[in-house]
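Asks: Quick one: structure below, then a few questions.
The values are calculated or read from the model by the stated rules, or taken from the named source; none is laboratory data. Keep in mind that what you see is a predicted model, and the values were worked out from it rather than measured. Cβ placement follows ideal geometry from the backbone for every residue including glycine, while neighbour counts extend to all protein chains displayed. Heads up: the accessible areas ignore ligands, DNA and RNA and are worked out on the full protein's heavy atoms, side chains in. Shrake-Rupley method; radii C 1.70, N 1.55, O 1.52, S 1.80 Å.
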Amino acid sequence: MALDDEKTLIIAAANIYTADVDTKAPTVTAYKTNKEQALTGWTNIGHTSVDNPFKIAREGGEATSKGSLQKKKLRTSISEVSYSVEISLEQFDAPSIKRYLGKNATVVDGITYAKSKPAAEEAALLIVVEDEGSVLFIHAGKTSIVANGDLEGADIENLVSIPIKFNVLEDKNGNTIGLGEVSKLA
């Protein structure tokens, strides 16, 4: 592997989209040619935190060495891995509120009410990260969207955030989360 300065990334902008389960990510070529057309079928979820754009969490994947009496370290066994993507929504619109309170939340006179047993929304996830002429795609064909902690209004200096999590599930092809290479847009 050689050093490649063009494969590094600083987040200048990031947009997070959802679509129907199993919606494929656009190709970099299609995105370069016509962003709007490449994102057909994808819906931007709105404003998210500038301080914490997103976090991909990994659970599991512990590696253990297996061996025999004759050879103590014969092979490595790795446990199953699950992924989730954590974000903070800063747009209090009906879809954002329902993602936090649950798909089965009900709206009465303009107020959304949670049920005691919330239901998760399922959707495909696409995160498009741009950095001064470069782009990176993060994609999951199937996720389950749930609340991710408390909604706090303790800070009067910053925007209030709605914490949600995309639990990444296996899509129809058995894939979970995917990361693209950093690619030049020009």
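Asks: Taking the residues in segment 160-186 that are of a type in the set (A, V, I, L, M) and surrounded by 14 or more Cβ atoms within 10 Å (Cβ to Cβ) as candidates, determine which candidate is nearest to THR8 (Cα to Cα). Talk me through it step by step, then tell me what you get.
Replies: Let us first name the residues in segment 160-186 that are of a type in the set (A, V, I, L, M), namely 160, 162, 164, 168-169, 177, 179, 182, 185-186.
Still in the list and also surrounded by 14 or more Cβ atoms within 10 Å (Cβ to Cβ): 160, 162, 164, 168-169, 177, 182.
Numbers: VAL160: 31, ILE162: 30, ILE164: 27, VAL168: 25, LEU169: 28, ILE177: 20, VAL182: 7 Å.
Within segment 160-186, the match that is nearest to THR8 (Cα to Cα) is VAL182.
Asks: Can we say GLY67 is within 21 Å of THR48 (Cβ to Cβ), small (Gly, Ala, Ser) and surrounded by fewer than 19 Cβ atoms within 10 Å (Cβ to Cβ)? Give the derivation first.
Replies: Working: within 21 Å of THR48 (Cβ to Cβ): no; small (Gly, Ala, Ser): yes; surrounded by fewer than 19 Cβ atoms within 10 Å (Cβ to Cβ): yes.
Answer is no for this residue.
Asks: Only residues that are under 30 Å from VAL28 (Cα atoms), outside any strand (DSSP E or B) and charged (D, E, K, R): list them for segment 141-182, please. Reasoning before the result, please.
Replies: As a first pass, look at segment 141-182 and keep what is under 30 Å from VAL28 (Cα atoms): 141-146, 163-182.
This time we only want the ones that are outside any strand (DSSP E or B), so: 169-176, 180-182.
If the condition is that a residue be under 30 Å from VAL28 (Cα atoms), outside any strand (DSSP E or B) and charged (D, E, K, R), then GLU170, ASP171, LYS172, GLU181 are the ones that fit.
Asks: For segment 25-47, what are the residues that are more than 22 Å from LYS142 (Cβ to Cβ), open to solvent by 80 Å² or more (accessible area, probe 1.4 Å) and in a loop (DSSP other than H, G, I, E, B)?
Replies: Result: HIS47, single match.
Asks: Let me ask something additional. Do any residues in segment 67-79 that are free of Cβ contacts under 8 Å to residues at least 24 places away in the same chain and in a loop (DSSP other than H, G, I, E, B) have Cβ atoms under 9 Å from those of residues that are of a type in the set (Val, Ile, Thr) and open to solvent by 50 Å² or more (accessible area, probe 1.4 Å), where the two are at least six apart or on different chains, and which pairs are they?
Replies: Close Cβ pairs (under 9 Å, with a partner that is of a type in the set (Val, Ile, Thr) and open to solvent by 50 Å² or more (accessible area, probe 1.4 Å)) amount to SER79/THR64.
Asks: If you go through segment 1-20, how many residues are of a type in the set (A, V, I, L, M, F, W, C) and either at positive phi or open to solvent by 50 Å² or more (accessible area, probe 1.4 Å) (or both)? Let's see the steps before the verdict.
Replies: Taking segment 1-20 and keeping what is of a type in the set (A, V, I, L, M, F, W, C), we get 1-3, 9-14, 16, 19.
Filter once more, so that each one left must be either at positive phi or open to solvent by 50 Å² or more (accessible area, probe 1.4 Å) (or both): 1-3, 9-12.
The qualifying residues number 7.
Asks: Then there is this: Please identify the pairs in which a residue from segment 10-39 that is in contact (Cβ under 8 Å) with a residue 24 or more places away in the chain has its Cβ atom under 6 Å from the Cβ atom of a residue that is buried (at least 17 other Cβ atoms within 10 Å of the Cβ) and assigned to a helix (DSSP H, G or I), counting only partners at least 6 apart or on another chain.
Replies: PRO26/ALA38; TYR31/ALA38
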